Every structure is written in structure tokens, then in C-alpha cells.
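What follows is a set of notes on a single structure, which appears directly below.
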Amino acid sequence: MRKYIIKRVVEAILVVFAITVITFIILNVIPGDPVLLILGDRADANTIEMVRHQMGFDKPLHIQFFNYLGKLLHLDLGVSYFTREAVFQSLSRAFTLTIKLALSAYAFALVFGITFGVIASVKRGKFIDKFLMSTSIIGISAPSFWVAIILQIIFGLKLNLLPISGGESVSAFILPAFALGTRYIASIARITRTSMLEIIGQDYVRTAEAKGVSKWRVTIGHALRNALLPIITLIGAELGGVLTGSMLIEKVFSISGIGKLTVDSILSRDMPVLQGAIIYIATICVIIYLLVDISYAYIDPRIRLGDEQ
Amino acid sequence: MDILSLGKSKKYDFENIEVKENNYKGYYSKSFRIFRKNKEAMLCLFIIVAISVVAIFAPFFAPYDPNAQSLADMLQKPSAKHLFGTDEYGRDILSRIIYGARISLSVGVISQGIASVIGFFMGVMAGYFGGWVDRIISFLIQVFSSFPYILFAIALIFVLGPGILNLFIALGLLSWANIARMIRGQVMQLKKKEYIEACIINGGSGLRVIMKHLLPNCISTMIVLITLGIPSAIINEAALSFLGLGVQAPASSWGSMISLSQPYIRSNPSYSIIPGIAIIIVVLSFNIVGDGLRDALDPKMKS
């Protein structure tokens, strides 16, 4: 087990390193002079030279890369061109908001997704099953930012129930979290239904039914339990999607999370913030996948054994 | 093999190649018959074909010039004159949706075309040569699938600048990992087959094995992966355009229309709703056709 964990951790570190290299290469072959971008066109030659030297742009690219990497090890992602704030700090501050949004989206997805999935599987073939399953296909296909706007129109403007933007109150989080979660409500509902139906015909479930265990207990105790592992897999695998989806949702609801910070950095061409944001988000994804992988190996020994062979 | 193809193969009994071709035909015609029975998938295929025709002949179908501004007709609700209403410059939304279909479909198809070439090449190299080639490519696959590739797409577009050509490149260059992983697995299995071994032992070059034996065997997998990759490319295009990183004004993309419509959700909600429905219809159709193709071509892929 320890060997497996060490192997996965080393792999994860290599992946993060590769992501850093690729991001750095993509963003630093950028045409145009970053110093001119910071100072504006009217700066005189001496100032430009000085700032260029200060920021290390006069050094060759590979030296710049190793400098960046060295600072990265100390969680220093540089400073923003414009606000002069340390990138890591502003990213971490924004991330607390984003992770709140992501977790609320997951909470919605779990509650509604499992409920809909259970209803659909119990009422298999009935109208409600068909209705839920066809709605869920639409839910999977709809872009989250569009769902967000539709929710704004329905709940914010027509019904006037919830605020449509800004604010950090709980009610201001409901629509964004629901919009971000829609896709996962739909896919969790489908997975729940499929894995429950798989188990309902099994011998041990029939035995339980024959013994007179109530239908409710069979559904929850046996069938739903079987659906949990695929649901957990989905949640782990989709975290990256939720974090990038959050970019779009934050834009719709003007929430100043990590997504909005990233998007703003693109529009203002604030390279250190964008570079930092990509590495930050990607690293979080890699860590989550690593944790999911390791927890699997705990649950299912076949995974780590298969890997060692 | 059914009676019909048996009759045909008799005709070419002495030429091995012809018989083999005939076998492929049998496989694909069988698959097509399975697919044709799938009513939902056929309906969705029809929708895709219809939308493609409308997109290709956009000038013929669009009632107005998509970029013609008319300040007198600003932000109108749907009416007989403007079926889907007008936007903040008085441009006809239906016409912009029709022209937007060109963007969505071309981004979907071209980026997946690029991705499938890269993915096939990488997958075959890894699966066929094994060893350190496999290690490097597998590592790259791991890197590209361990976080959402749209992040790299954003970085690429930040550098290259927005625009449709750069969307093709960014989405195409970055979405190959999934295809490569599937092809790699398939090639590793195929490599153990006797006829491939026989070809190698008889001195068949690597290129010959790849083009003559591996490619035809991978085509059905590729068709399914490309069909299922198109909708996610379309969603990503819409997302990038929504963020202002896609096609640039005055060209219309469904994602950028949704973005532009945001200030007007109070006065003209249909402006926001319609482009989203267009996205859903296309994405849904490709997903269902892709699933149908998978069931028809390769039931084993259904994992």
C-alpha cells in the first residue's frame, strides 16, 4: 500500500511540474512586451529598462523559468501587474468563495440527483421515470451559464424570490449553486437509476424481499448503496469541471471567486495572475484525483495490486 | 454473415482482398441496420443533417443579414417580422442563430478532426511501440486528462488572441487525450492478434501494419469518440465565446449571443433563451447519435 501511495504521489508531482512547464511555455512566448503593458506607451527608455531588470524580463527564458519554479516552491506565484498584490494570496482569497460555491453545487447535485434517481428507478417505465430521464438528458446538454441566466429570469425577475447577483448571503448563493449543479444533478440521477436497476434483479435483493423486508428498506439499504461508489467516482472526477464551470457562473452572478479573477486577468492581460490561476486550479484538481485514487486503493485492493503487476 | 453478403463473396472467391473488404462491408452494414432501428438516434441524426444544411446554406435560409443593424427595431420580442425577435442593435436573432450554427458546427467538427489525428497518432505510437515511447505518451495523456483542458485553451487563446481559427487550434490541440487513451488500449490488444504478428514476422513495416491493419480496426472507435467529442467541443466553444475569448464581433456565436443578452434579460428574455436552446438541441443530438453509434458499432465500448 505504501509503495502504491508513494508511486501515485510522485506521479502527481510530475504532472503538476509538467503543467507548470506547459503553462509557462504557452504564456511566455507571448508576443508584445509585458513591461510596456505595465507602464503604458509613454514611459521613457530608462524606466522601461529599470522595470525590465527589476522584474527579471532581461534574463533568458530558462533562467526566468527556474526563478519562477523556485518561488513556486515557496507558494510565491509572483505579483499582479496592476494591483501589485501577491497572486497566491489573492487566488487563495478568491478560492474560498469558489469552493463554497462548488460545495453547495455538489450538495444540490447529491440531494436532487439521488432523489430523482431513486424515484425514477422505483417508478421504472412509468411516466415520472420517462419525464425525469428525458429532463436529465437536457440537463446534461445545457451549458451551465445559460441555465444560470434562465434561473435569474425565472426566480429573480418573474417570481422575485431570490437575488440575481452579488452578495455573500446564503440566499445569493442558491441560484449560482443550483446552476452550477444542474449538470451533476442530471448525471447523478442517471447513474443512481442505472446502478439501482442493476441490483434490483439480483438474488440477494430477491431474498431480502422474500424474507419480508420492506420495499423501502430494500431500496435504500441494498439498491441505493450499490449506487454510492459510482456517485463518489463521479464527484471526484468532475471536480475540475465544477471549478472551471464556476468561472462562467461567477461571471453571470458577479461573484468574485477564482473564476472571475481568472477571466478578469485575461481581459486586463495580467499574465502573472492568469499563470498562477491555471497552475493553482490544475494543482487542486491533481490533488483531488490523487486522494480519490488512494481512497479507491483502500476500498478495492485489486486496484493497487493490478498496478504493481 | 447474412445470405446477401455470402452471395457477393462467391463472386470474388479467388481474391482474398475482395473477400476481406466484403467482411468490412458486412460489419458496417450490420451496424447500420442496428443503428437504423434506434429511432431516437435516427431522429437526432436527421436534426444534425438538417441543421448542417441550414448552416452551410445560411445566406439562403437566413431571412435577414445577420449583421444588419436597425436601431428602429431594437430588442423586439418575437413577432411575425422577426421570428425570434431582435437584439440590442436591431439585428435579427433568427439570422444570427443560423449563422451561429456555422461557428458551432465547424468548431465541433474541425477541432475534433484535429484531435482525432493527434489522438490516433499518439495512441498508436504508445500502443504499438510500447517501452519508453509508451511511457512518455501515457504521461502526457495523464497530464492532459488530470485537469480540465479548457484552462490550457484559455492560456493559448490569451496568447494567440481570440478568433475562430484559434478556437479550432486550441480545442483541437488539447482534446486528444481521451482518443489517444482508447486507441492505445485497442492497439495493445490488437498487437497480440495472430494476423498482426504474422504481418510483422513476414517483414511488414511498422507503417504498413499501422495503416493496413490497425487503422481499419480503430475506425469504429474513432467514429464514436469523434461524435461524442463534438458536443463537448461545442459546449467549450460556447463557454469561451461567453467569456469573450471566442469569435469576435460582429460575427455571431451562440455563446457570445448569450453573453451579449445578459443586460437585457428583463426587457427581452427570449434573446437569452433562444441561443441556449439551439446549443441544447445540437449537443443533445450529437450525444444521442454518439451513444447510438457506440451501441451499433461496438457494444463492448459501453463501459
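So the values come out like this:
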quantity: A:Ile220 paired with B:Lys37, simple spin-label distance in nm, labels 7 Å along Cα-to-beta-carbon; calculated: 4.1 nm
quantity: Order of B:Ser272, B:Ser70, B:Ser261 under a 10 Å beta carbon neighbour criterion, fewest first; calculated: B:Ser70, B:Ser272, B:Ser261
quantity: Most fluctuating residue given options A:Tyr298, A:Tyr280, A:Tyr106, as computed from a GNM of chain A linking Cα atoms under 10 Å; calculated: A:Tyr298
quantity: Against the rule of thumb 2.2 N^0.38 Å, how large the Cα Rg of chain A comes out; calculated: 1.25
quantity: Gyration tensor over alpha-carbon atoms, chain B, equivalent ellipsoid semi-axes in Å; calculated: 43, 25, 14
quantity: Choice from A:Thr192, A:Thr182, A:Thr135 showing the highest fluctuation, given a GNM over chain A with Cα pairs closer than 10 Å; calculated: A:Thr135
quantity: Among the listed pairs A:Lys130/A:Lys215; A:Lys126/B:Lys39; A:Lys126/A:Lys215; B:Lys39/B:Lys192; A:Lys251/B:Lys39, those beyond 28 Å (Cα-Cα); calculated: B:Lys39/B:Lys192; A:Lys251/B:Lys39
quantity: FRET efficiency, B:Phe46 to A:Met50 (Cβ-Cβ, R0 56 Å, nearest 0.05); calculated: 0.30
quantity: Peptide-level mean, for A:276-289, of C-beta atoms on other protein chains within 10 Å; calculated: 3
quantity: Exposure proxy ranking, count of Cβ atoms within 10 Å, fewest first, for B:Met182, B:Met257, B:Met42; calculated: B:Met42, B:Met182, B:Met257
quantity: Helical contribution to [θ] at 222 nm, DSSP H n ≥ 4, -39,500 (n - 2.57), averaged over chain B, rounded to 500; calculated: -23500 deg cm²/dmol
quantity: Exposure proxy ranking, count of Cβ atoms within 10 Å, fewest first, for B:Glu40, A:Glu11; calculated: B:Glu40, A:Glu11
quantity: Nearest 10 degrees, 0 to 90: helix B:16-37 Cα axis against chain B principal axis; calculated: 40 degrees
quantity: Computed helical MRE - 222 nm, chain A, DSSP H runs ≥ 4 contributing -39500 (n - 2.57), nearest 500; calculated: -25000 deg cm²/dmol
quantity: Shape category assigned to the protein assembly as shown from the gyration tensor of Cα positions, a/c cut at 1.5; calculated: rounded
quantity: The stretch B:189-303: C-alpha gyration tensor shape, a/c 1.5 cut-off, then a/b vs b/c; calculated: prolate
quantity: Potential lengthening between B:Ser29 and B:Glu194 on full extension [0.36 nm per residue; Cα-Cα distance subtracted]; calculated: 56.8 nm
quantity: Using alpha carbons only: equivalent-ellipsoid semi-axes of the stretch A:160-251, gyration tensor based, whole Å; calculated: 37, 16, 8
quantity: Local electrostatic count at B:Met74 - Lys and Arg +1, Asp and Glu -1, tallied over other residues with Cβ under 13 Å; calculated: -2
quantity: 0 to 90° range, to nearest 10: angle between helix B:269-297 axis and chain B longest Cα axis; calculated: 10 degrees
quantity: Folded to 0 to 90 degrees: helix A:271-299 orientation relative to chain A principal axis, Cα; calculated: 30 degrees
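Read the figures in this text as sums done on the coordinates, not as results from a lab. Worth saying up front: this structure is predicted, and the values here are computed from it rather than measured. Backbone-built Cβ (ideal geometry, glycine too); neighbour counts: all protein chains shown.
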